[in-house]
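Below: one structure, written as structure tokens.
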């Protein structure tokens, strides 16, 4: 796994197809590694995604329920949001956790970096673990209709196992925290609270 | 978590912006829940993504290394591919595992459904576990330059922990299989092989 071959596409020309506040779609005239021409359209996502597993002293995790427009589904997820251009991912997710769930946290740790759909987009997600929570008032944006819940961590994991939680960031983050609790990578009291049924 | 509120957007008009073999981008004129107008562009992804954690008798997992064009990075991942329209996800990933890694498997189980980027796209990924492997010849497509490796499962997990594997489907699938091995949801010999260092 040591030698990285050269980038296999030769880009002849790039044409912007669409651009808005959130994304830019570009079509590239390329030659593939065999020297044959084809078109490859890629999507630049302008905001990094962020998400957080926020766990209270009782081992419960904050979940947010909302409709997701592109899929027309209702989705239970960990709190998430986009980092504005220039905004640090940690700053963005601290803001989102406060806005969506009314929570602030003493302890923050980045635990995942994800590329969400790497054949078509350059979207990056940064995943965090937060604990030592303080409760305040949620302040959702006008365009958001959010339901809030806090469920025992193993119940959230059971929702992943059952396919009830499907959001990729949430699934990866919940499984990563579960693994950290089982492999001694969390403070002992937090791990105990997380692994309790 | 029982009451699902009504869909919060009223769609006034939808305009197709871009369409190719892989995706369609549409801008919707909508009213949000507060009754205020805005534009929401969504991306329909025409192929379901599929991925597989394929584990041999020694507990090693098949990994594929490749450049990912939109990110301009080299990425080690589990074997993945798109289901053609009308193709069942299981059929698609069995074909991809054969093409990319030269492997067929006796035992298949779907273990995850993921929505990869649900604020912008409707892309769905189906994740599988395969074991009972038989080796053959890889048959990559002309446009693919793939490196193949097979590494002990816990070494692949360590690559997730370290942020070396970042592909969302791979991260979620590897963590899910690790959890299944730890919670008694796999055959005992497979779990033992996976959990061995």
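Nothing in this text is a laboratory measurement; each read-out follows from the coordinates by a stated rule. Just so you know, these numbers come straight off a predicted model, no measurement behind them. Note: ideal-geometry Cβ built from the backbone for every residue, glycine included; neighbour counts use all protein chains shown.
Table for the structure above
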read-out	value
Ascending list, in nanometres, of distances separating the residue A:148 label from those of the other copies (7 Å, Cα toward Cβ)	5.2
Label-point separation in nm, residue A:162 to residue B:142, each point 7 Å along Cα→Cβ	4.9
Spin-label pair residue B:39/residue B:149, simplified geometry with 7 Å Cα→Cβ offset, distance in nm	4.4
Global geometry of the protein assembly as shown, whether rounded, prolate or oblate, following the gyration tensor of its Cα atoms and the 1.5 cut on a/c	oblate
Residue order, fewest to most surrounding Cβ atoms within 10 angstrom, among A:78, B:64	B:64, A:78
Radius of gyration and Dmax over the Cα atoms of the range B:48-195, both given in Å	14.4, 41
Cα→Cβ-extended label distance, 7 Å offset, between residue B:134 and residue A:24, nm	5.1
Listed residues B:34, B:158, B:54, most fluctuating in chain B (Gaussian network, C-alpha, under 10 Å)	B:34
Inter-copy separations for residue A:88, label at 7 Å along Cα-Cβ, nm, ascending	5.0
Per-pair calculated FRET efficiency, R0 = 30 Å: residue B:106 and residue A:15 via Cβ, rounded to 0.05	0.05
10 Å Cβ neighbours from other chains, averaged over peptide A:160-170	5
Label 7 Å beyond Cα on the Cβ vector: residue A:14 copy-to-copy distances, nm	3.0
Peptide B:174-184 - average C-beta neighbours from other chains (10 Å radius)	4
Orientation-averaged projected area, Cα convex hull of the range A:52-120 (nm²)	6.0
Exercise: per-residue mean of other protein chain Cβ atoms within 10 Å, A:30-36	3
Rel. contact order, % - alpha carbon contacts under 8 angstrom, at least six apart, the range B:48-195	30
Neighbour-count order for B:171, B:151, B:160, fewest beta carbons within 10 angstrom listed first	B:151, B:160, B:171
GNM top mover of A:15, A:154, A:66 - chain A, alpha-carbon springs below 10 Å	A:15
